[in-house]
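Heads up: the structure comes next, in structure tokens.
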Amino acid sequence: MTAHQKMTAKTEQARGAAKEAVGRAVGNERMTGEGRLERAKGDLREAAARGGEAVAKGKDAPHR
């Protein structure tokens, strides 16, 4: 996972969590949902980067 990918994923997760919290605080279901979606996208982005990293490490491992 490159530093840029990690930063992008973490930023998206934090922004989504904040939006979700504000939406709940003001009773705005749409904002809450948007925040949940944005946080989930960040989670998926992070998981995809970690999966790619695991595949790259697997290619370097000796075959048995």
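Distance between the pseudo-spin-label points of Arg24 and Lys6 (7 Å out from Cα toward the beta carbon): 2.8 nm. Only lysine pairs 8 or more places apart, or on different chains, with alpha-carbon atoms under 23 angstrom apart are counted in the chain, and they number 8.
Phi angles across region 3-12 convert, under the Karplus curve 6.51 cos²θ - 1.76 cosθ + 1.60 with θ = phi - 60°, into 3J(HN,Hα) values of 4, 5, 5, 5, 5, 4, 5, 5, 4, 5 Hz, Gly and Pro given as x. Each of (1) 20, 61, 16, 3; (2) 18, 41, 32, 9, 0; (3) 24, 34, 22, 13, 6, 2 is a candidate for P(r) over Cα pairs in 10 Å bins from 0, in percent; the one calculated from this structure is (3).
Per residue, the chain exposes 76 Å² of accessible surface when a 1.4 Å probe is rolled over the protein heavy atoms with every protein chain present.
The values are calculated or read from the model by the stated rules, or taken from the named source; none is laboratory data. Quick caveat, the model's predicted, so the values are computed rather than measured. Counting neighbours? That spans all protein chains shown, and the Cβs are built from the backbone with ideal geometry, glycine included. To get the accessible areas, we keep the full protein, side chains included, count just its heavy atoms, and leave off ligands, DNA and RNA. Shrake-Rupley method; radii C 1.70, N 1.55, O 1.52, S 1.80 Å.
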